[in-house]
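Working notes, beginning with the structure itself.
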Amino acid sequence: MKELVYPRLLLPVVERLADKVAFVDLTRGGVRYEGTFAVHADRLLRLANAMQSELGLGDGDRFAVLATNGHEFLELYHAALFGVGIINPLNIRFTPAELAYVLRDSGSRIVFTDPLFAKLLRRARDEEGVQIDKLVIIGGEIGDGITGDDDTIGYEQLLAAGEPVMPPEPEEEDAVVLMYTGGTTGRPKGALLEQRAEVLNVYHLLFEIGLREERRFLFQSPMFHAAVVAGVLGIPASGATSVTIPLFDPGLVMRVIDEQAIDMTMMVPVMMSLLEQAEGFSAKCLRSLRQLVYGAAPISRTMLARWLEMLPDTDFIQGYGMTEAASVLAYLGPEEHRRGGNAATAAGRPVMGVELRITDSLDNALPRGEAGEVCARGGNLMREYWNEPEQTESAMHDGWYHTGDMGFVDSRGLLHLTDRMKDMIVTGGENVYSIEVENAIATHPAVQEVAVIGIPSDVWGEAVHAIVVLKLNTRATAADLIEYVRPVLAGFKVPKSVEFLDGPLPLSGAFKPLKRELRRRYWENRDRQVS
């Protein structure tokens with residue numbers, strides 16, 4: 001089958017809007033790049049051809065990208081969706097050890113990066129022994145702190161070696177994205193997604209949001225994140241203009257939205273919080289926004305109320321989903337946001353083509369109003385966890401994906417989240433599995449026991465919090481433990497706070513820490529046990 005493949009979405013738009021400016025990269029200094037749909041198509045085909053002829057990438061080969069936002073990142077996503085390898089976007093906050101693990105596990109031996117992260121990758125290679133056959137440097141010249149070794153080539157140099165030739169059209173079941181998320185075993189796991197899943201996700205959002213070609217969309221959330229992929233694919237496929245900034249910067253965001261007449265963007269709630277705290281913030285800077293999409297973490301009632309009041313003419317849209325769903329399962333539209341009350345903080349209704357059900361511990365479907373595990377079924381789900389058959393079977397069985405989120409569906413069909421079955425924390429839109437942080441802290445010579453939980457945070461939604469019991473006759477401070485784990489954990493996984501108990505952790509009958517008990521005093525009097 002060929003209907004659900006990305007070239008069939010993008011190529012008609014390129015033909016119809018060839019001369020329209022479609023991609024604009026901005027920095028604090030101004031415009032870094034501006035290109036039409038026709039230019040994009042030419043660069044994309046040259047890139048795809050060079051990735052095959054110069055880098056030797058073939059069907060099913062993985063290539064990694066560790067870079068800030070820019071049109072090159074978009075081109076690399078599109079190259080994968082045009083049938084050249086499987087893109088493996090890397091979290092820019094990973095440590096060298098985390099990068100090394102993902103590169104080894106994925107088998108990504110070609111890495112596209114920029115000068116900012118090239119040295120980090122070399123550390124991963126030199127200190128962790130990971131094999132990198134070729135570094136392709138985006139946005140920098142050889143000699144710009146970059147050696148001209150045989151393992152390094154410039155991105156534009158690579159494009160110049162390619163021919164504008166259309167590769168063979170991919171199939172719907174071809175794998176295109178391998179995206180790593182937190183792991184229940186203490187290491188990241190890769191969700192493998194196919195053409196069908198990614199393209200259906202675009203169709204779902206086109207149907208729900210109604211993207212139009214006059215839109216000007218600002219990419220400020222990092223492009224490695226699952227929540228942004230729908231925009232990376234859907235904005236160009238709708239004929240709209242993609243405007244990017246390298247990294248989230250509140251001052252730059254305000255200026256770009258104002259000067260570029262941005263009418264749509266996507267933010268994680270923590271970015272909204274940081275934006276309104278920034279010097280010189282004014283709702284007037286955001287007056288051009290017609291649609292504001294937020295997701296990756298729920299929003300607090302108080303913050304949402306403030307923003308609805310600040311931007312009365314803006315449609316607020318929330319997406320609920322996860323990496324394994326490419327990324328959206330449910331959608332909360334402008335009507336529910338304006339209705340207020342419990343509706344405004346629901347996760348939403350399932351998007352077209354996705355079924356949701358709530359199940360008990362025996363996988364029996366529960367009626368509306370009863371809480372249980374949220375399960376999903378649809379064509380936008382992952383194929384598998386890479387090299388993890390047992391975890392794949394645990395998460396996906398009987399045709400349903402088991403999300404690990406707890407919730408219920410109300411009488412209006414709205415999904416409400418109440419808790420998590422997985423021992424996971426969502427902080428600033430990033431998933432953190434407690435066991436990974438616990439394993440790092442437990443290696444400290446003074447630590448006897450440790451439990452890591454998420455506690456409420458007005459800025460991050462949830463903050464990583466460690467509860468520690470020290471060994472007899474030893475000493476360690478909160479600062480000691482935080483600095484101890486910082487070299488081995490990405491910044492968002494490092495605890496924001498540490499508390500010490502004099503006695504042992506409370507344990508269940510299975511001798512596991514009773515985390516619900518540990519969390520209770522932080523979350524009591526709240527309407528749900530996750531933020």
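Read-outs throughout are calculated quantities, based only on the coordinates presented, and are distinct from any laboratory measurement. As the structure is a computational prediction, the values presented were derived from the model and not from experiment. For neighbour counting, all protein chains shown are included, and Cβ atoms are generated from backbone atoms with ideal geometry for every residue, glycine included.
Could you compute how fast segment 321-398 diffuses translationally, taking Rh as the Kirkwood radius over C-alpha pairs and applying Stokes-Einstein at 25 °C with viscosity 0.890 mPa s? Give it in µm² per second.
Numbers: Rh = 14.1 Å.
Here the translational diffusion coefficient equals 173 µm²/s.
Starting from the eigenvalues of the Cα gyration tensor, five times each then square-rooted, give me the equivalent ellipsoid semi-axes of segment 390-434, largest first, whole Å.
Values: eigenvalues 84, 67, 12 Å².
Listed largest to smallest, the semi-axes of segment 390-434 are 21, 18, 8 Å.
Quick one: net charge around LEU489, please, counting Lys, Arg +1 and Asp, Glu -1 for every other residue with C-beta under 13 Å from its C-beta. Intermediate values should be presented prior to the final figure.
Numbers: positive: ARG93, ARG187, ARG486, LYS493, LYS496; negative: GLU98, GLU430, GLU436, GLU438, GLU483.
Computed value for this residue: 0.
I'm checking a number: the convex hull volume of the Cα atoms of segment 7-318, normalised per residue, in Å³. What is it?
Values: hull volume 43.0 nm³, N = 312.
It comes to 138 Å³ per residue, whole-number rounded.
Once every DSSP H run of n ≥ 4 in the chain is given -39500 (n - 2.57) and the sum is divided by its residues, what mean residue ellipticity at 222 nm do you get, rounded to the nearest 500 deg cm²/dmol? If you can, show how the numbers build up before the last one.
Values: 17 runs with 168 residues, N = 531.
Rounded to the nearest 500, it is -9000 deg cm²/dmol.
Identify, among VAL494, LEU507, THR477, the residue whose Cα sits farthest towards the positive end of the charge dipole of segment 424-523, taking +1 on the Cβ of Lys and Arg and -1 on the Cβ of Asp and Glu, with the dipole about the Cα centre.
Of VAL494, LEU507, THR477, it is LEU507.
Output the relative contact order of segment 7-318, whole-number percent, from Cα pairs under 8 angstrom with separation of 6+ residues.
Details: 576 pairs, mean separation 53.9, N = 312.
Once divided by the residue count of segment 7-318, the mean separation gives 17 percent.
GLU309 versus GLU169, label points 7 Å from Cα toward the beta carbon: distance in nm?
5.4 nm
What's the FRET efficiency of GLU390 with SER300 using the Cβ-Cβ distance as r and R₀ = 60 Å, to the nearest 0.05?
Using R0 = 60 Å, I get an efficiency of 0.95.
Starting from the Cα of LYS496, draw a straight line to each of the lysines and keep only those under 30 Å, dropping any in the same chain fewer than 8 residues away.
Cross-link targets: LYS119, LYS189, LYS422, LYS471, LYS512, LYS515.
Just how large is the dipole of the chain about the Cα centre, in debye to the nearest 20, putting +1 at every Lys and Arg Cβ and -1 at every Asp and Glu Cβ? Please list the in-between numbers first.
Numbers: 52 positive and 74 negative charges, 294 e Å.
Result for the chain is approximately 1420 debye, rounded to the nearest 20.
Could you tell me which residue out of ALA278, LEU200, GLY190 lies farthest along the dipole of segment 184-278 toward its positive end? Charges go on the beta carbon: Lys and Arg +1, Asp and Glu -1, centred on the Cα centre.
The residue sitting farthest along the positive end of the dipole is GLY190.
Go from 0 up to the bin containing the longest alpha carbon distance in segment 24-122, width 5 Å each, and give me the % of pairs per bin.
Per 5 Å bin, starting at 0, the Cα pair percentages come out as 2, 12, 22, 21, 20, 14, 7, 2, 0.
Report the rotationally averaged projected area of segment 424-523 based on its alpha-carbon convex hull, in square nanometres. Please report the intermediate quantities before stating the final value.
Values: hull surface 25.3 nm².
Quarter of the Cα hull surface area: 6.3 nm².
Work the Kirkwood hydrodynamic radius out for segment 6-61: mean of 1/r over every pair of different alpha-carbon atoms, inverted, in Å. Walk me through the numbers before you get to the answer.
Values: mean 1/r = 0.0773 Å⁻¹.
Hydrodynamic radius (Kirkwood, Cα only) of segment 6-61 equals 12.9 Å.
For segment 353-481, which semi-axes, largest first and in whole Å, follow from the square roots of 5 times the eigenvalues of its Cα gyration tensor?
Values: eigenvalues 244, 65, 34 Å².
That gives 35, 18, 13 Å for the three semi-axes.
So if I average 1/r over every pair of distinct C-alpha atoms in segment 252-297 and take the inverse, what Kirkwood radius in Å does that give? Display every interim value, and only then the final one.
Values: mean 1/r = 0.0923 Å⁻¹.
Taking the inverse mean of 1/r over all distinct Cα pairs, segment 252-297 comes out at 10.8 Å.
Can you figure out the FRET efficiency of ALA18 with ASP363, using R₀ = 45 Å and their beta-carbon distance, to the nearest 0.05?
Values: r = 51 Å, r/R0 = 1.14.
Efficiency, from the Cβ-Cβ distance: 0.30.
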